[in-house]
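The values are calculated or read from the model by the stated rules, or taken from the named source; none is laboratory data. The shown structure was predicted, so the numbers you read here are calculated from the model rather than taken from an experiment. Note that each Cβ is placed from the backbone with ideal geometry, even for glycine, and that neighbours are counted across all protein chains shown.
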Amino acid sequence: MRSLGAAPPIQRVMVRGLVKTFGSTVALRGVNATIEAARLTRIEGANGSGKSTLLGIVGTVIRPTSGAVTYEPFGDDREMARASIGWLSHESLAYPDLTGRQNIELAARMHGLPTQDAWQEAEERFELGKFALRPLRTCSRGQRQRLALARALVHHPSLILLDEPTTGLDAASVSRLLLLIQAEVDRGAAVVVVSHEPDLFGASDAARLVLDRGRIVPQA
Ligand SMILES: Nc1ncnc2c1ncn2[C@@H]1O[C@H](COP(=O)(O)OP(=O)(O)OP(=O)(O)O)[C@@H](O)[C@H]1O
């Protein structure tokens, strides 16, 4: 089985009193939550309830207005945490003129990993076909999503944050994604998924964070 990355794995993420405002819009109004390793956590809620903002703050790409996120064992060291985070969002930071393979190799290089090995593993694991050898801008949405996932996991992150990961995927690719998420949870990763599809994970024992207008709704 693949191991977690070289850094010590993130064991737990503690979110305390998070507030985020964008001008006069209050996106998060004092969110407390705990995200555990070896577990799937789902973030649910209506459009505009703050899901992506919460994911972005946990992913260290958005700074909170107030409140704190701590990453055991790194504490509040966002740089250390960042190296252990795999991130998939609407605005995946990929280079459209590079091929999928080049994007994956670039991500591997940024994490100090051998590019050839990283590519081979990604090609096999995500069944990347010839489309991965074309410029990204010529790939379909689903193909780009598969490449973005492969890139997000290239460094075996211990905290995996997926914002609407099924976007553009066909049924076979969704099934593969669900198996992959389970495999990542089994190897000890904390996997957090924002999804609008309530039945996506069936009767799984995932933790649920339900947001309503920037607040967590207590679960029974
Ligand atoms: N960069 C930004 N600038 C201004 N307002 C923002 C910004 N990002 C988010 N918001 C606002 O913050 C609120 C929460 O947005 P967020 O994207 O977190 O919600 P969401 O639950 O992910 O929504 P959706 O389901 O539509 O993706 C919304 O009112 C949104 O308009």
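Here are the numbers for the structure shown:
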quantity	calculated
Per-region count, the stretch 83-117, residues in contact (Cβ under 8 Å) with a residue 12 or more places away in the chain, more than 16 Å from the ligand (Cβ to nearest atom) and among the polar types (S, T, N, Q)	3
Residue check, ARG63 charged (D, E, K, R), surrounded by fewer than 15 Cβ atoms within 10 Å (Cβ to Cβ) and at pLDDT 95 or above	yes
Residues of the stretch 74-114 classified as in contact with a helix residue (DSSP H, G or I) (Cβ under 6 Å, 6 or more places away or on another chain), farther than 23 Å from ALA183 by Cβ and of a type in the set (S, T, N, Q), total	1
Given (1) modelled with pLDDT of 90 or more; (2) closer than 12 Å to ILE43 by Cα, number of the condition PRO198 does not satisfy	(1)
Test result for ALA183, touching a His at 6+ places or on another chain (Cβ under 9 Å), of a type in the set (A, V, I, L, M) and closer than 23 Å to TRP119 by Cβ	no
Contacts under 7 angstrom Cβ, first residue in the stretch 179-205 being closer than 14 Å to LEU161 by Cβ and away from the ligand (no atom under 16 Å from the Cβ), partner of a type in the set (D, E, K, R) and part of a helix (DSSP H, G or I), 6 or more apart	VAL191/GLU184
Enumeration of residues in the stretch 172-218 that are over 27 Å from HIS155 (Cα atoms), part of a strand (DSSP E or B) and among the basic types (Lys, Arg)	ARG215
ARG29 vs. criteria over 26 Å from GLU184 (Cβ atoms) and loosely packed, with under 13 Cβ neighbours inside 10 Å	no
Near pairs, Cβ below 7 angstrom, 6+ apart or cross-chain, from the stretch 47-58 (within 14 Å of SER195 (Cβ to Cβ)) to any residue that is within 6 Å of the ligand (Cβ to nearest atom)	LYS51/GLY45
Residue in the stretch 163-177 that is over 23 Å from GLN11 (Cα atoms), touching a strand residue (DSSP E or B) at 6+ places or on another chain (Cβ under 6 Å) and basic (Lys, Arg) present	no
Any hit, the stretch 74-97, residues being farther than 30 Å from LEU18 by Cβ and more than 20 Å from the chain's Cα centre (by Cα)	yes
Odd one out for SER158 among (1) polar (S, T, N, Q); (2) at pLDDT 95 or above; (3) within 16 Å of the ligand (Cβ to nearest atom)	(3)
Conditions (1) closer than 23 Å to ALA189 by Cβ; (2) part of a helix (DSSP H, G or I); number of the one not met by LEU113	(2)
